[in-house]
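I have a structure here, written as structure tokens, and I will follow up with some questions on it.
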Amino acid sequence: MELIVGLIAILIGFFVGGAREKRHIAELKVREAALLSKLPTRADRGPKLVAGETFLVTGNVVVAADSFKSFVGGLKNFFGGSMTMYETLLDRARREAVCRLRESALQSGASEIVDLHIETSYLDQIGVEVSAYATAVRG
Amino acid sequence: MILTTLDYVPDREIVEHYGLVNGSTVRSKHFGKDFLAGFKNMVGGELKAYTELMEETRNEATQRLIAQAQAKGANAVVALRFGTSDVAQGAAEVFAYGTAVRLA
């Protein structure tokens, strides 16, 4: 009985989780393309700003692996090797956090983002949080 | 209060340094938001309740940092950084730190 429940969970993870991941990646592509020309963003501080108003902007997201990813992760953990399914999950999370940061900056009238930091942390029994923060420049 | 990750504020002169200020908050996962987490762990993806919880936590840590800076007489915090750590089973800490300064 438990085996059947586990198997159903893995199948749901594979189909529903997989479809959700595909949809999310497609959505990220559209949002990133829209931001590309509007809001130059850099991880370094850039040339020293002599004018303009600066303010703090943030973006964050908490994600968890679906049961299929967790199952395959468990197997791979045993045999070793690269964990592709976690790589795509983290990649999506980082892009989402940075997208949110940039969208909120754009809404607040920013024209540029400098000094972007990305931080990843494991939340025990929950998932992984990615948080991004940066300085937005207006004017 | 001006907050920035840069170590200066454009077009403003720093007239006084007050040193390091910080703010931290520890929250547990049992915050009444765990209702759908079990189901979500099947389909994966974003856990919105926790995204919001972490955002609130970060805001609270920032508020504490601001309070500390204000108590010193600062009107800005420069070189602001955040950190998150898993401190105990099911509990996360968010801390913010930076340099408190007074701008002319």
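Determine, yes or no, whether B:Arg81 is touching a strand residue (DSSP E or B) at 6+ places or on another chain (Cβ under 6 Å), under 23 Å from A:Leu116 (Cβ atoms) and open to solvent by 40 Å² or more (accessible area, probe 1.4 Å).
Answer is yes for this residue.
Let me ask you something else. Select from region A:59-78 the residues that are open to solvent by 30 Å² or more (accessible area, probe 1.4 Å) and farther than 19 Å from A:Phe14 by Cβ and list them in ascending order.
A:Phe78, the sole residue that qualifies.
Determine, yes or no, whether B:Ala74 is free of Cβ contacts under 8 Å to residues at least 40 places away in the same chain, among the small types (Gly, Ala, Ser), more than 8 Å from chain A (Cβ to nearest Cβ) and under 27 Å from B:Glu16 (Cα atoms).
no
State all residues of region A:79-103 that are assigned to a helix (DSSP H, G or I) and open to solvent by 40 Å² or more (accessible area, probe 1.4 Å); if no residue qualifies, say none.
Residues satisfying the conditions are A:Phe79, A:Thr84, A:Tyr86, A:Glu87, A:Thr88, A:Leu90, A:Asp91, A:Arg94, A:Arg95, A:Arg100, A:Glu103.
Residue-by-condition table, conditions (1) away from chain B (no Cβ under 11 Å); (2) at pLDDT 95 or above:
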residue: A:Ile25; (1), (2): yes, yes
residue: A:Leu28; (1), (2): yes, yes
residue: A:Ala64; (1), (2): no, no
residue: A:Glu87; (1), (2): yes, no
residue: A:Cys99; (1), (2): yes, yes
residue: A:Ala105; (1), (2): yes, yes
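Filtering region A:35-54 down to residues that are at the interface with chain B (Cβ under 7 Å from one of its Cβ atoms) and touching a strand residue (DSSP E or B) at 6+ places or on another chain (Cβ under 6 Å), which residue is nearest to B:Thr4 (Cα to Cα)?
Ranking the qualifying residues of region A:35-54, first place goes to A:Thr54.
Right, next: Within the set of pairs 6 or more residues apart or between chains, which connect a residue that is outside any loop (DSSP other than H, G, I, E, B) inside region A:29-58 to a residue that is surrounded by fewer than 15 Cβ atoms within 10 Å (Cβ to Cβ) and at pLDDT 95 or above with Cβ atoms less than 8 Å apart?
What qualifies is A:Phe55/A:Ser108; A:Val57/A:Ser104; A:Val57/A:Ser108; A:Thr58/A:Ser104.
I've got another one for you. Identify, please: which residue in region B:1-52 is loosely packed, with under 15 Cβ neighbours inside 10 Å and among the small types (Gly, Ala, Ser) and is, among those, modelled with the highest pLDDT?
B:Gly19
Tally the residues that are under 20 Å from the mean Cα position of the chain (by Cα) and either over 23 Å from A:Arg20 (Cα atoms) or touching a residue at least 24 places away in the same chain (Cβ under 8 Å) (or both), restricting the search to region A:65-81.
6
Could you grab me the full set of residues in region B:62-77 that are open to solvent by 20 Å² or more (accessible area, probe 1.4 Å) and part of a helix (DSSP H, G or I)?
B:Gln63, B:Arg64, B:Ile66, B:Ala67, B:Gln68, B:Gln70, B:Ala71
Do we find that A:Ala9 is closer than 16 Å to A:Ala132 by Cα, within 11 Å of chain B (Cβ to nearest Cβ) and without any contact (Cβ under 8 Å) to a residue 60 or more places away in the chain in this structure?
no
For A:Val128, are the conditions met, namely being of a type in the set (Val, Ile, Thr) and at pLDDT below 95?
Against the criterion (of a type in the set (Val, Ile, Thr) and at pLDDT below 95), A:Val128 qualifies.
The values are calculated or read from the model by the stated rules, or taken from the named source; none is laboratory data. Keep in mind the model is a prediction, meaning the values are calculated, not measured. Ideal geometry is used to build each Cβ from the backbone, glycine not excepted, and the neighbour counts take in all protein chains shown. Please note that ligands, DNA and RNA were not included when accessible areas were found on the heavy atoms of the full protein model with its side chains. Shrake-Rupley method; radii C 1.70, N 1.55, O 1.52, S 1.80 Å.
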